[in-house]
Amino acid sequence: GTLIYTNRYSRIWHNYSKCKILDRSHYEQKKFSVSDVYSYMEMIPDDASVCASDIFVPHLCLRKDIYTYRYKNIYDTDYMLLFEPKEEIETLLSDYIVERQSDTIWLLKRK
C-alpha cells in the first residue's frame with residue numbers, strides 16, 4: 001500500500017520535478033554557464049580571502065578564509081564571486097573593482 005501511495009499520490013504534496021534525483025535534468029544548471037564560473041574561480045589566488053554567493057561557496061571551501069555573501073556584514077575580503085543582479089553590486093563598487101563580469105556573475109577584486 002505504501003509503495004502504491006508513494007508512486008501515485010505523493011505528487012500532490014510536493015514538487016515532483018525536484019525529487020527526480022535519478023534524472024540527469026535534476027542536476028543541470030540553467031541559470032548560468034558552469035564553465036564560465038569555473039574560469040572565474042581559477043582567477044582567484046589560492047591564498048586570497050573570498051566572499052561568495054552561497055551557490056559557489058562549496059566549490060571554494062578549501063580556503064583559509066571563505067565567507068557567504070549576505071551572511072557577512074563587513075566585506076573586507078580580497079575577492080568576491082557573486083551571483084547577483086547589477087543593482088546589488090553597485091553598493092560594493094566603492095571598495096571593489098570588477099575583474100570579470102557576465103550577466104549576473106561577478107568577480108570583484110578589492111581596490
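The values are calculated or read from the model by the stated rules, or taken from the named source; none is laboratory data. Here the structure is a predicted model, which is why all the values come from computation and not from measurement. Note: ideal-geometry Cβ built from the backbone for every residue, glycine included; neighbour counts use all protein chains shown. We work out accessible area using only protein heavy atoms, side chains counted, and drop any ligands, DNA or RNA first. Shrake-Rupley method; radii C 1.70, N 1.55, O 1.52, S 1.80 Å.
Pairing each residue of segment 61-88 that is open to solvent by 70 Å² or more (accessible area, probe 1.4 Å) with any residue that is not polar (S, T, N, Q), provided the two are 6+ apart or on different chains, yields C-beta distances under 7 Å for TYR67/CYS51.
Out of segment 34-60, which residues are touching a residue at least 40 places away in the same chain (Cβ under 8 Å), part of a loop (DSSP other than H, G, I, E, B) and either open to solvent by less than 50 Å² (accessible area, probe 1.4 Å) or farther than 13 Å from LEU108 by Cα (or both)? Matches in segment 34-60: ILE44 only. Number of residues in segment 8-33 that are at pLDDT below 70 and open to solvent by less than 60 Å² (accessible area, probe 1.4 Å): the value is 1.
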